[in-house]
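The values are calculated or read from the model by the stated rules, or taken from the named source; none is laboratory data. Every value quoted in this text rests on a predicted model; they were computed, and no experiment measured them. No Cβ is skipped: glycine too gets one built from the backbone with ideal geometry, and neighbour counts run over all protein chains shown.
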Amino acid sequence: MFDALNKVLDLLESVAMVVFMSIATVLTAVQVVYRYGFNSSLFWVEEVVIYSIICMSFVGASMGVRHGVHISVDVLNAFAPPAVNRWLHIVAALLGIAFAGYLAYYGFQLYFNTLGRGQLTAALRLPMAWFYLPIGIAGILLILRYLWVIHEAWTKPPVSLAEELAAEKDKLV
């Protein structure tokens, strides 16, 4: 079940990243052409690009958990035996779930409160709540990814840091 869900999330996150990156790149190029080619600008482009980059950062947080590329301190992992490393990964994932739960709860609360107020964006005049929605969604994605990390740490045999580094080195070649 975790593997199927993981593949679906990988696909959705990859598509979302491509869409948001494409929007930001194309609109920035169009804005440059308008500004320097036609001596004018489109008033809404900057806002769309900013919101695209914000959405990319929230989707990227989930992708970072999936690929294990978030900043971390591996001092304990370097000195602890593999069995203890397993528990270190699980504890770190549980702390991540706590943070992601906070992010999801307050992200959705912000979404619904802003939706109820009817606040609009400055340039696009769209409901501001829709641009707060990725915060709550990112919390849910992070919880699912941290559950996957716990599942992987629990079901796979523990390995030492030297073995992990050797495996990473093989991936780079």
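Some notes on this structure:
- Condition met for ALA138 (among the small types (Gly, Ala, Ser) and either crowded, with 16+ Cβ neighbours inside 10 Å or part of a helix (DSSP H, G or I) (or both)): yes
- Within region 8-44, considering residues that are modelled with pLDDT under 95 and under 23 Å from LEU120 (Cα atoms), the one surrounded by the fewest Cβ atoms within 10 Å (Cβ to Cβ): PHE43
- Region 10-35 residues that are over 30 Å from ARG145 (Cα atoms), paired with ones that are of a type in the set (D, E, K, R) (beta carbon under 6 Å, 6 or more apart): none
- In region 29-79, the residues that are under 13 Å from the mean Cα position of the chain (by Cα) and among the aliphatic types (A, V, I, L, M): ILE53, ILE54, MET56, VAL59, ALA61, MET63, VAL65, VAL69
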